[in-house]
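Down below is the structure, laid out as structure tokens.
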Amino acid sequence: MSEVLDLVARLAFWLLLPPLLPGLINRVKALAAGRRGPPVLQLYYDLARLWKKSVVQSRVASPAFIAGPAVAWTAILAAAMLVPVGFVGTGLSFRGDVVLLLYLLALARFATAWAAMETGSAFEGMGAAREVSFAVLAEAALMAAMLTLSVQTRSVSLSTMLSPFPGPGALLLAAGLFTVLLAETSRVPFDDPNTHLELTMVHEAMVLDHSGPPLAVILHGAALKLLLFSVLLTESVLPIGAINPSGGLALLLVGVLTTTLGVGLVESLMARFAFRRVPLLLLTAVLLCVFALLVAWQGGSVTA
Amino acid sequence: MTPPLLLALAAAAITASVGLAGPRWSRWWLLLTLAGTAAGFAAALGVLVGNATWELRGGLTLGGEPVHLLLDPVSALFLVLICVIGAGGACYGREYWSDAHYPASAARGRAWWSAMLLCMGLVVTVSNGLHFLIAWEAFAVCGYFLIVLERRRREVRAAGWLYLAASHAGTLLLFVFFALLAGHTGSWDLGPMRDAPRLTPLFWLMLVGFGLKAGFFPLHIWLPSAHANAPSHVSALMSGVAIKMGVYGIVRFSGWLPMPPVAGWVLVTVGALSALIGIVFAFAQTDVKRLLAYCSVENIGIIMVGVGGSLLAVSVDEPVWGQLALAGALLHVWNHGAFKALLFFSAGSVLHATGTREMSRLGGLWRSMPWTAAMFGVGALAVSGLPPLNGFVSEWLTYLWLFDASSSARSVGLAAIALASAGAVTVASFVKGSSMIFLGTPRTTPAAHAHESGWWMRAPMLALAACCIAIGLGPVVVWPVAARAVSAWHPGWGTTSAPPALVTLGQVHVVLVMLLVLSIVTLFRQTRLNGLRRSVTWDCGFAEPRARMQYSAASFAAIVSGWFTWILWPQSVVRRPRGVMPSEALRVDHIPETVLERLVQPAGVVVTELSGAARRFQHGGLQLYVLYVLAGLVAIGTLVWVEGPR
């Protein structure tokens, strides 16, 4: 019974909460710029409206144009379901689920890029090429970060890896993972979610031709990925599992909110990087995570 | 039936089929080949499932050496691969390289195909150094004749020659390897000899000798051109099976011989480098078969990381992750065989329909070739190591040991990071490959008039795709097979009950598939409910997007190629548009074979020049020859005089 409850609770968390984050980021950006900004719940309204809209599809696209977003969304949701939310969901973890998490995100990337290439548009080609290329470095950084946690805890399952305090390398890990979060969720300085110039976009360029329910799925998936990375970042650097359950959950929510605020502030204070500087920043993230790994190797393990 | 009987049947059927390769008997050839591979498959399965090693010793002698055959789980694992791809390719070749299209070479192709299967079967079963060398050489020569089936084309001949040269360089080293082995042990007979520490230096000969066949970086020089220029079913056999013979050699002899302590580290390093650099080369290619060939370099790298891990575990006595490493590597041998053959078959289907391997001349083929497109898609997902297909299962096992080991044997963690990057480049390469060939609009007329291939070509693809999906959803079923091979490799290792996490992974894969189907169906239903209108692709306000406006294969890879110019050395011919009304502009990108053109060829030039210089001494002037003899005598005399009497 408790397992079913656990499952329902986590599903509700991952399905209902995500659209709030982009709303919060937009509110932060609006406040920083002295505007009032759209309602915090705007994405919920958008999703509800898009779900009911009809679809315009390119003549050259195959059925995979619609299947792609569905696959990507399911993969991101499945990845999210592997991550424990505070004390909830620690029981379903298994050895090696961390690798599954990384590769489910890769599956989502494959499906999104495939759907983008369906239309034969040069802009979507550009977006897809950038997405899959930047992921090469982001993936290396993520793997290094996960290795750090694994070395710290002598474990290969997320529920154990994410619960204790990751030792002296926490700051390096936080910086590295935050950079990866910005890159993977297509935020400034890697990508500008508000731009209207196709030539400079990454994620938004890939979904130019999508409309209606598939676009709703893509938008929800993007928000879900943002929440997933925020939770992952928070649980990686804060000792969520080391304190009492409700306190851990509260700490997790505070962490997610802080991350969201951070994304909003970065977006308000920085401009998008030139494309040739993006790999340098990602390489910095890789190095930060590798240094965290070195620290973990030196520091020995902290067992939870 | 027992393995020896089945093996004898298989050998007899395949041998007989060599004689029936003529056009009038092609039906019988196919029947016999299928029967032979089925018998071989059954024998191997009997060994793998029953865990009964079959050995035949003595009786006959061949070349003065007693015949010694051995079919243990390690060789049975490779025999299964030979039989499955051998049978699939035989069916595929019936349509792809038919007598009607290639009257001159179809029969020859069938004969060499059977001979190659037979020789590879012998390589994995003979257990005598001399016989191994004979089988190895015969197998290499069969491969050569299969590659040059279409020998009128110059690049085919060049590829075949390069293959033969590299192959013989490897055989030469193996000659030395086996001769030294026989010299040290006093017999050509092979078997476990782990207690002879003086054999450890032989590891290096073995590594390079078998490595040239396996084709890991930088010994892959022959691989891209041979795989690209061979007929596609031959490419599938070469990439899916033939290079695995090199892996077989390394796995087999690293289990039998004592290894230097550094061996594990060497293999892990070579494997990780090979994975990353191989896939970067693959991403930069514009020829689809070259892309697949370089991707093989990557996958051999992943296998080598696993083999290296097991050697490492032997040296530090860590059986837990040691067996994970070898099981992952051996499963990847199967998995890579299945999805790479599938990909080469689909690429061959495209080549058959359009006559080109250049991705930038294709596009939009999903409409005319839906089956091929779907099969290539399955192969692309599998090769990218994405859940829930088979590629992920073996990569997952590989990562699992890397994670386990990075607490104690620290630096292997860096291999995990390299593999993660390589995995991301694989995703990129296969998004590029699939989309350039099958998505968008046709870029040229042949691509616009493509046609789907027939059932003889489609059936093997479907079967291999089914294998990829089945292993992905039921990894528990294949685990005991790998575990038995592991225990044959290192007695005491290999638990036949699957690790609990692998069981969970299989269940998660099944749930994932159900979720995927559910969400796809829901999205399609909602889309149909709301109404769907077809329109032109939105291209920033262009009224009429043209096929030429699509992103090209080279541009797609430009970002990553830019990071790796230090090894890729990309060359491009650029003619910029000039003047007010520019007539033509052009840009051609080309990725050279770096190791071949920058390392092997310059070395060859130096050797040729040195030999040319040495040739001046041989000029035919008798007087000067007498002078040489005199000078030689004087030199020897001086030497004796200086050394003095002992």
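The values are calculated or read from the model by the stated rules, or taken from the named source; none is laboratory data. Remember, it's a predicted structure, so these values are computed and weren't measured experimentally. No Cβ is skipped: glycine too gets one built from the backbone with ideal geometry, and neighbour counts run over all protein chains shown. Remember, those area values only see protein heavy atoms, side chains included, never the ligands or the DNA or RNA. Shrake-Rupley method; radii C 1.70, N 1.55, O 1.52, S 1.80 Å.
Report, as an integer, the average count of C-beta atoms from other chains found within 10 Å of each Cβ along B:395-403.
Mean number of neighbouring Cβ atoms from other chains: 5.
So the label point goes 7 Å from the Cα of B:Thr565 along Cα→C-beta, right? Which residues of region A:255-278 then have their backbone N under 17 Å from it?
Answer for region A:255-278: A:275-278.
Just want to confirm a number: the relative contact order over region B:520-594, from Cα pairs under 8 angstrom separated by 6+ residues, in percent.
21
Work out the charge dipole of region B:517-577 with +1 on the Cβ of Lys and Arg and -1 on the Cβ of Asp and Glu about the Cα centre, then indicate which of B:Phe564, B:Ala553, B:Thr527 is farthest towards its positive end.
Toward the positive end, the furthest listed residue is B:Thr527.
With only Lys, Arg, Asp and Glu charged, each at its Cβ (+1 for the first two, -1 for the last two), find how big the charge dipole of region B:582-646 is about the Cα centre; round to the nearest 20 debye.
400
Could you compute how much accessible surface B:Ile520 exposes when probed at 1.4 Å, giving the result in Å² to the nearest 10?
Surface accessible to solvent at B:Ile520 totals approximately 40 Å².
What aspartates and glutamates could a cross-link reach from A:Lys225, if we take a straight Cα to Cα line under 13 Å and drop same-chain neighbours fewer than 8 places away?
A:Glu184
Would you mind checking the tilt of helix A:278-299 against the longest principal axis of the Cα atoms of chain A, expressed as 0 to 90 degrees and rounded to 10?
10
How high is the relative contact order of chain B? Use alpha-carbon pairs under 8 Å, at least six apart in sequence, and give a whole percent. Write down the numbers at each step before the final one.
Details: 1026 pairs, mean separation 76.2, N = 646.
Relative contact order for chain B comes out at 12 percent.
Cα axis of helix B:288-316 to longest principal axis of chain B: angle in degrees, 0 to 90, nearest 10?
60
Using alpha carbons only, how many degrees (0 to 90, rounded to 10) separate the axis of helix B:500-530 from the longest principal axis of chain B?
With rounding to tens, the tilt is 30 degrees.
Accessible area, 1.4 Å probe, largest first: how do B:Glu395, B:Glu318 sort?
On the way: B:Glu395 15, B:Glu318 60 Å².
If we order B:Glu395, B:Glu318 from most to least accessible, we get B:Glu318, B:Glu395.
Whose amide H sits under 5 Å from the amide H of B:Leu532, counting only residues 5 or more places off or on another chain, with H placed in the peptide plane?
A:Val55
B:Val640 to B:Leu5: FRET efficiency via 1/(1 + (r/R0)^6), r the Cβ-Cβ distance, R0 45 Å, to the nearest 0.05?
The computed FRET efficiency comes out at 0.10.
Nearest 20 debye, what's the magnitude of the dipole of the protein assembly as shown about its Cα centre given +1 on Lys and Arg Cβ and -1 on Asp and Glu Cβ?
1980
On full extension of the chain, what length is gained from B:Arg575 through B:Arg157, given 0.36 nm per residue of separation minus the C-alpha to C-alpha distance? Let's see the in-between values first.
Values: separation 418, 0.36 × 418 = 150.48 nm, distance 3.20 nm.
Gain on stretching B:Arg575 to B:Arg157: 147.3 nm.
Could you compute how much accessible surface B:Glu597 exposes when probed at 1.4 Å, giving the result in Å² to the nearest 10?
Its accessible surface works out to 70 Å², give or take rounding.
Across peptide A:92-102, what mean number of C-beta atoms from other chains lies inside 10 Å of a residue's C-beta? Walk me through the numbers before you get to the answer.
On the way: counts 2, 1, 9, 9, 12, 5, 3, 14, 11, 0, 4.
So the per-residue partner count for this stretch is 6.
In terms of Cα to Cα distance under 15 Å, which aspartates and glutamates are near enough to B:Lys213, apart from those fewer than 8 places away along the same chain?
Cross-link targets: B:Glu137, B:Glu298.
What residue among B:Ala140, B:Gly22, B:Thr125 has its Cα farthest toward the positive end of the dipole of region B:1-143, where the charges are +1 on Lys, Arg and -1 on Asp, Glu, each on the Cβ?
Most positive-ward Cα: B:Gly22.
About its Cα centre, how strong a charge dipole does chain B have in debye, to the nearest 20, once Lys and Arg get +1 and Asp and Glu get -1 at the Cβ?
Working: 41 positive and 26 negative charges, 381 e Å.
Using only the charged Cβ atoms, the result is roughly 1840 debye.
Would you mind checking the pairs A:Lys29/A:Lys52; A:Lys52/B:Lys432; B:Lys244/B:Lys289 and listing those with alpha carbons more than 26 angstrom apart?
Long pairs (Cα-Cα over 26 Å): A:Lys29/A:Lys52; A:Lys52/B:Lys432.
Work from the charge dipole of chain B (Cβ charges, +1 for Lys and Arg, -1 for Asp and Glu, about the Cα centre) and give the residue of B:Ala501, B:Ala43, B:Ala169 farthest towards its positive end.
So the residue furthest toward the plus end is B:Ala169.
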